[in-house]
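Taking it in order: structure first as structure tokens, then the write-up.
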Amino acid sequence: MNLSSADYLPYGLGTPDFVDVGEYKVHRDVVPYLEKLSALVASHGFSLRIESAYRSFERQLSIWNRKASGKLPLLSAEGVPMPVPSDEEELMYAILTWSALPGASRHHLGTDLDVVDANACPENYEVQLTPAECDGMFAPFHSFLDQVFGSDSSFGFNRVFVPGRGKIRPERWHIAHLPTSRQLLDKFSLDALRHIYENTEIACKQVILARLDSLAEEYIYPYFI
Ligand SMILES: [Zn+2]
């Protein structure tokens, strides 16, 4: 397969021409809208801080493989460390509970951000990105974002991982600039992803390839919004 550099972008491959926002990389087209959203949020007493933005295929692959080998903790649906299953299919679904498939993470796009309200963070607090934080210290920030995303002045941003859409757990901290991400996802092809896996040392490779169509229906396509 002969992929040009732009063809690689939906999978976190290639060398994207993204902009540094603090220590994170963000898609160039998103930056002006992010500035508008940050200013709106600030005018209501919040301080939008990015906790994660662009992630490369290599980085997501490293997370995936380290979880499979037990080098990173594998967490159950309840968030409790669990033993690494010996069955490959069980292992794959266990990793998918908290981690996206490399090549199919929306963080590859540079259009999606994990955000918190810096003003609500206690000093020296290490953000975990959990539902408990969203219902706790960041609850006022998230209900303000709900209002913004429900209005016609959301600058193109919205949440993606919401209840009732696919099998990925709801993630209120994850927001996306939809008009920009749609342009990238238009170029996504499951055949290209299959080809990438065939040429990658990825844990659970055989079962991922065997189940790729159903994985896409449950973990990928429902979030192409
Ligand atoms: Zn995220």
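Just a few scattered comments:
- Among residues of the stretch 138-150 that are farther than 11 Å from Trp173 by Cα, those with a beta-carbon under 8 Å from a residue that is modelled with pLDDT of 95 or more and surrounded by fewer than 15 Cβ atoms within 10 Å (Cβ to Cβ) at least six positions away or on a different chain give the pairs Phe144/His44.
- Checklist (1) over 23 Å from Leu178 (Cβ atoms); (2) more than 20 Å from the chain's Cα centre (by Cα); (3) among the basic types (Lys, Arg) applied to Lys67, failing item: (2)
- Among helices (runs of 4 or more DSSP H) entirely within the stretch 121-200, having at least 3 residues that are charged (D, E, K, R) singles out 190-198.
- Residues of the stretch 167-189 that are in contact with an Asp or Glu (Cβ under 8 Å, 6 or more places away or on another chain) and of a type in the set (A, V, I, L, M): Ile175, Ala176.
- Only residues that are among the small types (Gly, Ala, Ser) and more than 20 Å from the chain's Cα centre (by Cα) were counted in the stretch 7-48, giving 5.
- The listed residues are Leu109, Leu129, Leu113, and the only one of them that is on the phi > 0 side of the Ramachandran plot and within 14 Å of the ligand (Cβ to nearest atom) turns out to be Leu129.
The values are calculated or read from the model by the stated rules, or taken from the named source; none is laboratory data. Remember, predicted model here, so these are calculated numbers, not experimental data. Please note: Cβ atoms are built from the backbone with ideal geometry, for glycine as well, and neighbour counts cover all protein chains shown.
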